[in-house]
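The values are calculated or read from the model by the stated rules, or taken from the named source; none is laboratory data. What you see is a predicted model; the values in this text were computed from it and never measured. Cβ sites come from the backbone with ideal geometry, for glycine too, and all protein chains shown count toward neighbours.
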Ligand code: CAA
């Protein structure tokens, strides 16, 4: 059993520790946000839940995502990010490009009137919704079907792992709309596929399907659409079978590896292993 949540009750937050097997992190989401989070034991499932609008995202979606990260119960070890309906996410809500914008939220027109510092702060708050998915204590899995465009592609890239349906359509559309991908997606994309391929994909805004996504390392596995949920659950179960402290330390090492020299990485391995050996064999 699991309960719905968006945002969070700090009493159940990661910072202060979790409690029972099932948590209600907060009240229901306003329909405009279109996001819910269910926590069931060690697994949290974050669902983009505006299928009639293909799970288009707004600033409110990103703030709510950040809040979920802030208040995630400490016992959660796997976070699944999924989308309701035929598409994972059609990206940013295109109303944000109109002068009217999304009621109660910044549009690009109103954001353009802000000073550089305020505008950067607005983008940083949006990025916060994505960055927590890389924390070492959790493994995040994007379960992606149909379109994952722009912000949708970047949300999938923010996760550690991607399981895709065979109908997946990744597309980085921001440059075609006159913008850059700024929701933390450029680094994982370039890290995974390499700079030349990332340039080609972003600047042509072409669609990448399931077979190519697996070949490029953008997805760990592609499965028939009807098997996406079960495959994701099986992967979550396999991840949970590994000791949490060892998994956290290993993810910390692997995440830092691309930015280090071999010598630095070897030193980091030693430091992590000393801590593991002490934890496992102290007093024996
Ligand atoms: N924003 C707001 N509404 C959207 C939307 C979006 N991004 N994408 C789809 N919708 C709405 C449609 O307007 C439509 O609403 P109504 O039923 O009220 O008319 C509904 O969702 C269903 O859409 P479609 O009929 O088009 O559904 P489809 O399955 O035939 O096509 C799609 C799906 C290919 C994703 C198509 O909807 C589409 O191309 N959407 C726009 C994609 C896009 O350009 N996104 C922006 C990417 S850039 C970004 O995210 C970041 C950035 O700029 C900074």
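In the stretch 244-269, what residues are closer than 13 Å to residue 134 by Cβ and touching a strand residue (DSSP E or B) at 6+ places or on another chain (Cβ under 8 Å)?
251
Does the stretch 105-126 contain any residue that is within 26 Å of residue 251 (Cβ to Cβ) and either away from the ligand (no atom under 13 Å from the Cβ) or without any contact (Cβ under 8 Å) to a residue 60 or more places away in the chain (or both)?
Within the stretch 105-126, one or more residues are within 26 Å of residue 251 (Cβ to Cβ) and either away from the ligand (no atom under 13 Å from the Cβ) or without any contact (Cβ under 8 Å) to a residue 60 or more places away in the chain (or both).
Got at least one residue in the stretch 115-126 being assigned by the TED database to the domain that holds residue 224, buried (at least 18 other Cβ atoms within 10 Å of the Cβ), under 15 Å from the mean Cα position of the chain (by Cα) and at pLDDT 95 or above?
yes
Give the residue, chosen from 102, 208, that is surrounded by 16 or more Cβ atoms within 10 Å (Cβ to Cβ) and touching a helix residue (DSSP H, G or I) at 6+ places or on another chain (Cβ under 6 Å).
Of the residues listed, the single one that is surrounded by 16 or more Cβ atoms within 10 Å (Cβ to Cβ) and touching a helix residue (DSSP H, G or I) at 6+ places or on another chain (Cβ under 6 Å) is 102.
Looking only at the stretch 167-205, filter to residues that are over 27 Å from residue 122 (Cα atoms) and touching a strand residue (DSSP E or B) at 6+ places or on another chain (Cβ under 8 Å); which one of those is surrounded by the most Cβ atoms within 10 Å (Cβ to Cβ)?
Ranking the candidates gives 168 first.
Which condition number in (1) modelled with pLDDT of 95 or more; (2) in a helix (DSSP H, G or I) is the one that residue 109 fails?
With (1) modelled with pLDDT of 95 or more; (2) in a helix (DSSP H, G or I) applied to residue 109, the lone miss is (1).
State whether the residues of the stretch 80-95 include one that is in a helix (DSSP H, G or I) and over 26 Å from residue 236 (Cβ atoms).
Among the residues of the stretch 80-95, at least one is in a helix (DSSP H, G or I) and over 26 Å from residue 236 (Cβ atoms), which makes the answer yes.
Quickly run through the stretch 141-164 and pick out the residues that are more than 18 Å from residue 91 (Cβ to Cβ) and surrounded by fewer than 23 Cβ atoms within 10 Å (Cβ to Cβ).
160, 161
Of all residues in the stretch 215-224, count the ones that are buried (at least 16 other Cβ atoms within 10 Å of the Cβ) and either outside the structural domain of residue 168 (by the TED database) or closer than 11 Å to residue 168 by Cα (or both).
Here the count works out to 3.
Just the residues that are within 13 Å of the ligand (Cβ to nearest atom) and surrounded by fewer than 24 Cβ atoms within 10 Å (Cβ to Cβ), please, taken from the stretch 80-89.
84, 85, 86
Confirm whether residue 253 is in contact (Cβ under 8 Å) with a residue 60 or more places away in the chain and assigned to a helix (DSSP H, G or I).
So residue 253 does not fit the description; no.
I want to confirm something. Restricting to the stretch 52-79 and keeping residues that are part of a loop (DSSP other than H, G, I, E, B) and free of Cβ contacts under 8 Å to residues at least 60 places away in the same chain, which single residue is nearest to the ligand (Cβ to nearest atom)?
Restricting to residues being part of a loop (DSSP other than H, G, I, E, B) and free of Cβ contacts under 8 Å to residues at least 60 places away in the same chain, the top hit is 56.
Can you tell me which condition residue 265 does not meet? The list is (1) touching a helix residue (DSSP H, G or I) at 6+ places or on another chain (Cβ under 6 Å); (2) assigned by the TED database to the domain that holds residue 78, and all the others hold.
With respect to (1) touching a helix residue (DSSP H, G or I) at 6+ places or on another chain (Cβ under 6 Å); (2) assigned by the TED database to the domain that holds residue 78, residue 265 is out only on (2).
Could we say that residue 275 is at negative phi and touching a helix residue (DSSP H, G or I) at 6+ places or on another chain (Cβ under 8 Å) here?
Considered against the rule, which asks whether it is at negative phi and touching a helix residue (DSSP H, G or I) at 6+ places or on another chain (Cβ under 8 Å), residue 275 comes out as yes.
I need the full set of residues from the stretch 256-274 which are exposed (fewer than 12 other Cβ atoms within 10 Å of the Cβ) and touching a residue at least 12 places away in the same chain (Cβ under 8 Å), in order please.
258 - this is the single residue of the stretch 256-274 that is exposed (fewer than 12 other Cβ atoms within 10 Å of the Cβ) and touching a residue at least 12 places away in the same chain (Cβ under 8 Å).
Do you know which of the residues in the stretch 239-249 that are more than 19 Å from the chain's Cα centre (by Cα) and part of a helix (DSSP H, G or I) is surrounded by the most Cβ atoms within 10 Å (Cβ to Cβ)?
The qualifying residue surrounded by the most Cβ atoms within 10 Å (Cβ to Cβ) is 249.
Mind checking whether some residue in the stretch 15-36 is on the phi > 0 side of the Ramachandran plot, within 16 Å of the ligand (Cβ to nearest atom) and modelled with pLDDT of 95 or more?
No, because not a single residue in the stretch 15-36 is on the phi > 0 side of the Ramachandran plot, within 16 Å of the ligand (Cβ to nearest atom) and modelled with pLDDT of 95 or more.
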